[in-house]
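Accompanying notes for the structure given below.
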Amino acid sequence: MKALILAGGFGTRLRPLSCTRPKTLFPIVNKPLLQWIFEQLARSDIKDAILAVNMQTEFYIKKQRIPKSGLRIRYSIDPPKTPLGTAGPIKKAEKLLDNAEPFLVLNGDIFAYVNYEEIVAKHRETNALATIALCEVEDPSRYGVAEITKEGLVKRFVEKPAKGTAPTNLINAGIYVLSPEVLSYIPKGRAVSMEREVFPKLAGEGKLYGHVISGVWKDIGNPEEYLQTNKIILDTLAKTQKVCAAGKFEIRQPVALDKGISIGENSVIGPYAILGKNVTVGKNVQIRDSVIFPDAQIDDYTMIEGAIIGEAVTIGKKAKISIGCIVADQAKIKDGVSLAEGTAVCPAKEVSENHLRANIIF
Ligand code: GTP
């Protein structure tokens, strides 16, 4: 069985961090999301994965050299400057897909400890052309919502219903099994939305089924969800992970420290701090509820809380980075700078003045 991973979106809700990295390469507890996906596919005995990307995403993914977990990886690339949406890339990959067997489609921005085989088995049991994994959430208004019968037949599929109008709390988990016939429902050569065009049509014809999944499922689409996903996985891993750094600093678990990290005296790391490879932290620094990407340097007496700090960012002495801040790759925050809650700093930007109201610093 083959899997197609959709990974060629623009990740606009994760800007400016996604300006220099596709969502699927965002680290989840120091491992790119795509690597978690490869491992999960390999566990489900899937041997073949097709990455549906754009040219830029392909470049970043190849550069990252993710371990492939024994999978054969091929790329299907959207035409230049013509994003194909969530269904168009599946049509584009038609020749790489098996035209006799159902195949799996995964959104590349979803973290899921899910048994794919169970969804495939459900697909084979019914006369479905498509089977969507459904996940129960509190607020379904940001997702595609399905209303199903006892047998799992999708009676209705509504994309992003207005708050309070969703027929159920069962949302499209971004994981589907499709029979090859579905390819004939997707027009060629233009952007097509799986959620708005293909699923409603299949539902209308009684050919769309849903399968409710359990287990960890998280969408990393926006900064809060990204941080929350890291927290949840950190909690899960904390039980098994050993912290290997030692010195005159304090670790407040749960914390994840990658290789090559140095931490100065009296610094307090955690709870919920994730530090990537080769991050250096000075003295008397406090970091909590935050993800720090590799190679960042954080100088003495700085405080970081509830923020995402990009790769190779430098933060000077006595800086204050507040909740909801995003500092994109290579940015430089100078000594003494305070960033108000929700401030976003663009890649490679130097910031030498305080920003007391949330804004985007270009
Ligand atoms: P936002 O701009 O923040 O909504 O992000 P997005 O468009 O990247 O993600 P969205 O959740 O809308 O899409 C679901 C999945 O489909 C993600 O894994 C995207 O990478 C992928 N995707 C979205 N649009 C395209 C596209 O035009 N081409 C390809 N190949 N993949 C896409």
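Annotation: the antiparallel percentage among DSSP beta bridges lying fully within the chain is about 30.
Farthest toward the positive end of the dipole of the chain, out of 284, 182, 76, is the Cα of 76, where the dipole comes from beta carbon charges about the Cα centre.
Of the cross-linked pairs 91/155; 31/277; 122/201; 31/218; 23/122; 23/92, those separated by over 18 Å at the C-alpha level are 91/155; 122/201; 23/122; 23/92. Each Lys and Arg Cβ is given +1 and each Asp and Glu Cβ -1; about its Cα centre, segment 177-296 then shows a dipole of about 240 debye. Label separation (residue 94 vs residue 191): 2.2 nm, computed from points 7 Å beyond Cα along the C-beta direction. Listed by chain and number, the aspartates and glutamates placed with their C-alpha closer than 20 angstrom to that of residue 95 are 48, 58, 78, 181; residues fewer than eight positions away on the same chain are left out. Annotation: the residues 300, 45, sorted from fewest to most other C-beta atoms within 10 Å of their own C-beta, follow the order 45, 300. I want to make sure I understand the PRE zone here: with the label point 7 angstrom from the Cα of residue 101 toward its beta carbon, which residues in segment 29-63 have backbone N atoms less than 17 Å away? Backbone N within reach: 41-51.
Of the GluC sites (Glu not before Pro) found in segment 123-179, those that fall in a DSSP loop while having at most 10 other beta-carbon atoms within 10 Å are 138, 151. Applying both filters, DSSP loop and at most 12 other Cβ atoms within 10 Å, to the trypsin sites (Lys or Arg not before Pro) of segment 77-126 gives 81.
The chain has equivalent-ellipsoid semi-axes of 39, 20, 20 Å, by the square roots of 5 times the alpha carbon gyration tensor eigenvalues, sorted largest first. Bridging of residue 318 to lysines at a Cα separation below 18 Å is possible for 283, 332, 334, once same-chain residues fewer than 8 apart are set aside. Cα centroids of segment 261-289 and segment 161-200: 43 Å apart. If R₀ is 25 angstrom, what is the calculated FRET efficiency for the pair residue 235 and residue 358, using the beta carbon separation as r and rounding to 0.05? Taking R0 as 25 Å, the efficiency between residue 235 and residue 358 is 0.35. What separates the Cα centres of segment 25-73 and segment 307-339 is a distance of 29 Å.
Given axes a ≥ b ≥ c from the Cα gyration tensor, I'd like to know whether segment 205-362 is rounded (a/c under 1.5), prolate (a/b larger than b/c) or oblate. Oblate. Using Cβ point charges alone (K and R +1, D and E -1), the dipole size of segment 299-362 about the Cα centre works out to roughly 160 debye.
Where a number appears in this text, it was derived from the coordinates with a stated rule and is not lab data. Here the structure is a predicted model, which means the values were calculated and not measured. Using ideal geometry, Cβ is built from the backbone for each residue, glycine included, and neighbour counts are taken over all protein chains shown.
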